Amino acid sequence: PLGRKELNLSGPIQPRLFMDGFMYAFPPRDLAKVTWAYGKLGIESEVLLLGIANVILQPYYLEPTTPEQIAQLLFPYGQFALFSADLMRAVARHVLQTGLADYDADALAIVAWAFARLRVQDQQLMQAITERALTEGYLATFAGASLSRLAFAYAALQVRNEVLMAAIAKRAMSDGVLQRCPPAAIVDLVWAYAKLRIPNEALFTTSAEHIAREASLRRIKGPDVVRAVWAYARLGVRAEGLLEAIGSCIQQEPDLLRGLPPSGLTDLTWAYATLRYPHRGLMGALAKHLLEPGTLQTLSPDTIGNVSWAYAKLGVRHPMLFEALAHHIRDRPFLATCRAPNLSAFLWAHAALGLPNEELVTDVSAWLMQEGLIYHSPPRDIATTAWALARLQPPTKVLLEGIPDLLENTNALSFFRPEEVQTVIGAYKSLDQQPHQQHKAFLVTLEAARVKAKAQPPPAPVSSESAAERQARAKVSEEEQIRRVVRWHGQA
């Protein structure tokens, strides 16, 4: 309860627990206190917790436990994401047999949260939790942290129950619950609604005010900052006060960026670009961070592609950053790790910002043709690449000549949407005032394809990988989002 992490004390305690079967002499109420204390103090000991799991798995051990003790026993396993299949099955079986009628708000929320943290899908248990949560008057007993944990559990497990989520939002907005909620819990709450794609204008408006204030007061951590703006972007809620406060917070404390993993940088820039909010102070601080020695070398092609896309989408020109990015992209070992959507994003960003780089265009074009990547690109990326090359007007036309060959000699055009065909038409029309005869014939082919695509929508792409690649450029995968939030939630 004092919140003191006395590592010198915990050191000699652990060996004693294992000595002569001493741990097995603990009754559930005492063992629950030990596990809760380790979780609360953040003392992660896999050996100890797995040993405790073996004690819990003894026949009939859980029978005398109270709901509070069940929550205490589960808490460190959720906190450290330490999975024990046998333990979770035993707890689920016990909870379903004894029922949830005696579980208070904190106990119910921790049970749901622990199963979500460990990614354990148990439909019967979640149905029982839903029924208990929707019992008349029950949610009125929840404080903000418990509401947040409960909502997080449903989102992380992808259990979409609009009735329950509406009730959670209503409770959060009543009796000053949100005002007394810790900043990280408010972020978890809005993240849950965004993850489930359940909009709630009132909740998001009020939450934005609280998160913005906490950001201004520097009482919110870097990962929470990112999850907050990601949640608002996911639902398309352009809370300008929040975006300004968080951008200013990062501008004034750029060290927040150093604490973010590359995926955090992706989410941050994706959110601001998606909401079309060009906070130049934030983008300047990000550029300075990326230009620090060794930083670019830690980033994947997906992250660099997303960051480049975000600067271009926001219309923020930073020649020094893009010169450094181009130099890094052209490095052959890095270029060899790039996929077609990454390269398309690089070219598009340079073209959209009016930052020509002949060496980059030459190397990327050669790589796309040499490795045959252009032949496996989805329509959107082919159209984007053609548009970028037309804007950049490279001295070598190897790729501009290769795209017509691809589209005329394969059935690739049959998968293009009308707007994608129109993009390619516009690109090739802009190449010369009087197009070469080859381009004239190609333009005729494109116009016929555009008319056909408009009359009959194209089928789904043959390659599911291409669709996945295109999606990866826009944002990180759903699975990674949940894994990342689980990690950050445990660090909070």
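The values are calculated or read from the model by the stated rules, or taken from the named source; none is laboratory data. Being a predicted model, the structure only gives us computed values, none of them experimental. Methodologically, a virtual Cβ is constructed for each residue, glycine included, from the backbone with ideal geometry; neighbour enumeration extends over all protein chains shown. Side chains are part of the model used for accessible areas, which takes the heavy atoms of the whole protein and leaves out ligands, DNA and RNA. Shrake-Rupley method; radii C 1.70, N 1.55, O 1.52, S 1.80 Å.
Being of a type in the set (Lys, Arg), surrounded by fewer than 22 Cβ atoms within 10 Å (Cβ to Cβ) and assigned to a helix (DSSP H, G or I) is the filter here, so list the residues in region 181-213 that pass it.
213
Of the conditions (1) surrounded by 15 or more Cβ atoms within 10 Å (Cβ to Cβ); (2) assigned to a helix (DSSP H, G or I), residue 366 fails just one. Which one is it?
Checking residue 366 against (1) surrounded by 15 or more Cβ atoms within 10 Å (Cβ to Cβ); (2) assigned to a helix (DSSP H, G or I), the one that fails is (1).
Which condition breaks for residue 245 when tested against (1) in contact (Cβ under 8 Å) with a residue 40 or more places away in the chain; (2) closer than 28 Å to residue 202 by Cα?
Every listed condition holds for residue 245 apart from (1).
Scan region 338-351 for residues that are assigned to a helix (DSSP H, G or I), open to solvent by 20 Å² or more (accessible area, probe 1.4 Å) and farther than 25 Å from residue 276 by Cβ and report the count. So that I can check it myself, show each step before the final result.
Let us first name the residues in region 338-351 that are assigned to a helix (DSSP H, G or I), namely 340-351.
Subset that is open to solvent by 20 Å² or more (accessible area, probe 1.4 Å): 348.
Imposing the further condition that a residue be farther than 25 Å from residue 276 by Cβ reduces the set to none.
Of the residues in that region, 0 qualify.
Regarding region 371-386, can at least one residue be identified that is at pLDDT 90 or above and small (Gly, Ala, Ser)?
yes
Here are some conditions: (1) of a type outside the set (A, V, I, L, M, F, W, C); (2) touching a Pro at 6+ places or on another chain (Cβ under 8 Å); (3) under 23 Å from residue 358 (Cα atoms); (4) modelled with pLDDT of 95 or more. Residue 272 meets all but one. Which one does it not meet?
With (1) of a type outside the set (A, V, I, L, M, F, W, C); (2) touching a Pro at 6+ places or on another chain (Cβ under 8 Å); (3) under 23 Å from residue 358 (Cα atoms); (4) modelled with pLDDT of 95 or more applied to residue 272, the lone miss is (3).
Checking the condition of a type outside the set (A, V, I, L, M), under 16 Å from residue 73 (Cα atoms) and out of contact with any strand residue (DSSP E or B) (no Cβ under 7 Å at 6 or more places or on another chain), which residue from 106, 102 passes?
After applying the criteria, what remains is 106.
Would you be able to tell me the number of residues in region 305-337 that are within 12 Å of residue 355 (Cα to Cα), open to solvent by 20 Å² or more (accessible area, probe 1.4 Å) and either in contact (Cβ under 8 Å) with a residue 40 or more places away in the chain or not in a helix (DSSP H, G or I) (or both)?
Residues that pass the stated criteria total 3.
Any residue at all in region 225-248 that's under 25 Å from residue 195 (Cβ atoms) and in contact with a Ser or Thr (Cβ under 6 Å, 6 or more places away or on another chain)? Talk me through it step by step, then tell me what you get.
First, pick out the residues of region 225-248 that are under 25 Å from residue 195 (Cβ atoms): 225-247.
From what's left, in contact with a Ser or Thr (Cβ under 6 Å, 6 or more places away or on another chain): 233, 245.
Within region 225-248 (the criterion being under 25 Å from residue 195 (Cβ atoms) and in contact with a Ser or Thr (Cβ under 6 Å, 6 or more places away or on another chain)), the answer is yes, since at least one residue qualifies.
Within region 104-129, track down each residue that is touching a residue at least 12 places away in the same chain (Cβ under 8 Å) and surrounded by fewer than 16 Cβ atoms within 10 Å (Cβ to Cβ).
104, 119, 121, 124, listed by residue number.
So which residues in region 147-185 are of a type in the set (Gly, Ala, Ser) and under 23 Å from the mean Cα position of the chain (by Cα), if there are any at all? Working first, answer last.
Residues of region 147-185 of a type in the set (Gly, Ala, Ser): 148, 151, 153, 155-156, 166-167, 169, 172, 174, 176, 184-185.
Within region 147-185, 148, 151, 153, 155, 156, 169, 184, 185 meet the criteria.
Residue 154: part of a helix (DSSP H, G or I), modelled with pLDDT of 95 or more, open to solvent by less than 30 Å² (accessible area, probe 1.4 Å) and under 30 Å from residue 180 (Cα atoms), yes or no? Reasoning before the result, please.
Values: part of a helix (DSSP H, G or I): yes; modelled with pLDDT of 95 or more: yes; open to solvent by less than 30 Å² (accessible area, probe 1.4 Å): yes; under 30 Å from residue 180 (Cα atoms): yes.
Yes, satisfied.
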